[in-house]
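Quick notes on the structure that follows.
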Amino acid sequence: MATSDAFSNSISSSSLSRKHHDSSSSSKSRFEAYNRLQSAAVAFGEKLPIPEIVALGGQSDGKSSLLEALLGFQFNVREVEMGTCRPLILQMVHDPTALDPRCRFQEEDSEEYGNPIVSSSAIADTIKSRTDAMLKKTKTAVSSKPIVMRAEYAHCPNLTIIDTPGFVLKAKKGEPESTPEEILSMVISLASPPNRILLFLQQSSVEWCSSLWLDAIRDIDPTFRRTLIVVSKFDNRLKEFTERWEVDRYLSASGYLGEYTQPFFVALPKERTAISNDEFRRQISQVDSDVIRHLKENVKGGYDEEKYKSHIGFGRLRDYLASELQRRYKEATPAILALLEQRCSEVTAQLNIMDSKIQATSDVAHLRRSSMLFASSICNHVGALIDGAADPDPEQWGKTTEEEKSESGMGSWPGVISDIKPPNSTLRLYGGAAFERVMHEFRCAAYSVEYPTVSREKMSNITLAHAGRGGGRGIQEAAAEIARAAAKSWLAPLLDTACERLAFVLRNLFALAMEKNQHLHFDYGKKTGDMDGYVGFHAALRRTYNCFIQDLAKQSKQLVRQHLDSVTSPYSLVCYETDLLYGPDPNCTHSYQRSCLDFSDQENIPPANMNNKDQETTPGRLLKAAGEASMTVAETPSLDQPKEQGNFIEGGARRRQPRILGDSRMLGSQNSSQQGSTYNEICSLAAQHFARIREVLVERSVATALNSGFLTPCHEGLMVALGVDLFAVKDEEFMDMFVAPGAIDILQNERESLLKLQKTLHSCLTEFKSVATSL
């Protein structure tokens, strides 16, 4: 029985030992897998939710001393101030065969590690030189790109810690004044990811209620759910305790850290003399023993060992960090495995696209087909935007009237003094809606133009020439000619401005069409052509589109000028049509007031007041105002020739007359010419003729001409224009858009980087699959 019991105990002991060995082996393989994944993430800029410990604290709070104690050897880390400017990722690997520490640094922008470094001074020099080189390259005071150091040693735990720059209140001499703010911002960005454990150090001389940096940590982790607080230099505070309640109250940190937050209390050797690594570790253990002995022997009643002993001493902290990180690693492994599988698929897809691009550089037919599909898709999007669309978001991509004026360089309408505010001027519009708003604004501007004053000398030269021709219509003909000249002079600049404003609206559609195409890669199940990365082609496409719109603007200017020449021709009967003055019939279904929908927010807007300069402008209001207004002529004597009645001249000066009367009786009252001078009569008739010409031009000609000049070609001729300019060329000229000097080398380099990333991720994936099976 005794033998059986002994045999049973032996088996049990052997099983326990084997189980412990297997657990230790799986923990180490898991730790190595995460270390390699972390190195890959740093090298390739991958954002992976790897559990990591981030050390935080102010300068002189003992972070550097704690890191050296965890490593188990000194390397003068405090002298190089490694945490001042750049983070340091310390990957500590417990290797029983490494009796002397072996440190290797990961190469910048690579997953490879350099040769082992044994000398402690060489380690410090490497950290300093790499920090200086990075700051010189980025021309900044601090850099968030970390230095990765792998330390293999028999006396360090399997632990990875990210050491961050220490908080400072004031920049050192020679440093930019913004250094403290830059350090705080960088540390917050490093500590914010929820997968990171915050290891916050604060020396014991600082009271909880006056801790500046504790508030900064609370901003990052308000409940301290993922924060581990360490009180450093604990031995400096021991002499203040004489009673047990004093020690227990301090150790509990009651009222400041929350009910479930228990800090660690650590003291480390203060001497910085050159000693051996064995002596360094012996002193660390000795300090731990001295602290416990002091609490037991020098404090009356000791302290609550059951509650606080597990949180006092460096050894306790080291063991807790190693076990906690392993626990986090184990919990995160399934999620990391799934993410690695996803990233491997994504990188493989990117590599396939890159291969297609490289292959396409020698496949002209493929490039022509893809680029034509892409251009066709852009044309379709432009047409859809003109017809009316709400995607992309108008609040982000649309423009108000003031923004259009400012960005187009057309701040105001020529010859228009009043502030033109068309309906919906404050709304952010694009495409067809913005086009129509500019058309409305042009009409408002046209009806705002006042008939210009004509000098007596000009009028005399025209009137007397017509009077000599006989026929009894000298004054009518003179007034018509003066009106035609004024219309050409004042309305032509408005037409040119309208064309430029409309061209600006259409030019903006290219960026919107590109945005729509980026989110809609497929059209009726067919890919629209993958042109991402072909900067030369995109530039050529944009240039050709802008040239097309500019040509439309030139052609439209010529077209509307032809209409202006037509209505101002001496052979035109516009000046003698009496059914046009003062705008279309208010009941007409084509009137401006009915065709212009106003979506502006009318709430809290007072009733219309013609004296309010900020009101929105419409042609209906302008016509009404024009009927009520009177023209003032210069205070000069009337023409020497009295009023003409047939071939009879009657003398006498007359006072100023209204330019346009307020109702249609003005046209029918032929006897009104019996009053006033010839000058005033001609001015009145010319103003009427000017109004007729303007109304015919605005209501009958311009709208149709501009729509047919701009919108119809965009729907029907854009793709043809793009095709002729971009695709109707020889292959050599066509390929210049795709194969710029050095472009193939760039694509090859990108492909090599993707291959390295793919290989590394697949390796990590295989390793994590193996780790997952042991969970």
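Derivation of every value follows stated rules applied to the coordinates shown; laboratory data play no part. Note that the structure is predicted; figures quoted are calculated from it, not measured. Here the Cβ positions follow ideal geometry from the backbone for every residue, glycine too, while neighbour counts run over all protein chains shown.
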Response to the item:
Length gained if Leu351 through Gln286 is fully extended, taking 0.36 nm per residue and subtracting the Cα-Cα distance, is 17.7 nm
Worksheet entry | Magnitude of the charge dipole, segment 31-330, Cβ model with Lys/Arg +1 and Asp/Glu -1, debye to 20 | 120
Fill in: Inter-site label distance for Glu733 and Asp419 at 7 Å from Cα along Cβ, in nm
5.1
Item to complete: Tally the DSSP beta bridges in segment 31-330 and give the antiparallel ones as a percent, rounded to 5.
Response: 30
Item to complete: Just tell me which lysines come within less than 16 Å, Cα to Cα, of Lys557; anything on the same chain fewer than 8 places away is out.
Response: Lys488
Item to complete: Using packing as a proxy for protection, rank 404-414, 555-565 so that the peptide with the highest average count of other Cβ atoms within 10 Å comes first.
Response: 555-565, 404-414
Worksheet item: Hey, rough spin-label estimate for Ser763 and Asp219, points 7 angstrom out along Cα→Cβ, what's it come to in nanometres?
Response: 4.0
Practice prompt. May I ask which residue of Gly409, His440, Ser425 lies farthest towards the positive end of the charge dipole of segment 395-465, with charges of +1 (Lys, Arg) and -1 (Asp, Glu) on Cβ and the Cα centre as origin?
Written response: His440
Worksheet item: Using the beta-carbon distance between Glu175 and Ala335 and R0 = 51 Å, what value does 1/(1 + (r/R0)^6) give for FRET efficiency, to the nearest 0.05?
Response: 0.80
Worksheet item: How would you rank 192-203, 340-351, highest first, on the average number of other Cβ atoms within 10 Å across their residues?
Response: 192-203, 340-351
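Give me the number: length gained by fully extending Glu259 to Asp745, i.e. 0.36 nm times residue separation minus the C-alpha to C-alpha distance, one decimal in nm.
That works out to 168.9 nm of additional length.
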Worksheet item: List the GluC sites (Glu not before Pro) in segment 103-183 that DSSP assigns to loop (not H, G, I, E or B) and whose Cβ has at most 16 other Cβ atoms within 10 Å. Which are they?
Response: Glu107, Glu108, Glu112, Glu177
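Using a 10 Å cut-off on Cβ atoms, rank the peptides 92-98, 382-388 from the highest mean neighbour count down.
Going from most to least packed, we get 382-388, 92-98.
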Worksheet item: So, in Å, what gap is there between the alpha-carbon centers of segment 377-450 and segment 253-316?
Response: 73
Worksheet item: Given R₀ = 51 Å, FRET efficiency for Glu752-Glu407 by Cβ-Cβ distance, to 0.05?
Response: 0.75
Discussion item. So, R0 is 60 Å and r is the distance between the beta-carbons of Asp109 and Tyr571; what FRET efficiency does that work out to, to 0.05?
Written reply: 0.15
Worksheet, complete the sentence: Length gained if Val724 through Asp125 is fully extended, taking 0.36 nm per residue and subtracting the Cα-Cα distance, is 209.4 nm
Worksheet item: For segment 226-296, which GluC sites (Glu not before Pro) are in a loop by DSSP, counting at most 16 other Cβ atoms within 10 Å?
Response: Glu240, Glu259, Glu271
Item to complete: At 25 °C and 0.890 mPa s, grab the translational diffusion coefficient of segment 31-330 from Stokes-Einstein with a Kirkwood Rh over Cα pairs, rounded to a whole number in µm² per second.
Response: 123
Worksheet item: Too long at a 31 Å Cα-Cα cut-off: which of Lys173/Lys309; Lys172/Lys756; Lys47/Lys769; Lys270/Lys296; Lys730/Lys759?
Response: Lys173/Lys309; Lys172/Lys756; Lys730/Lys759
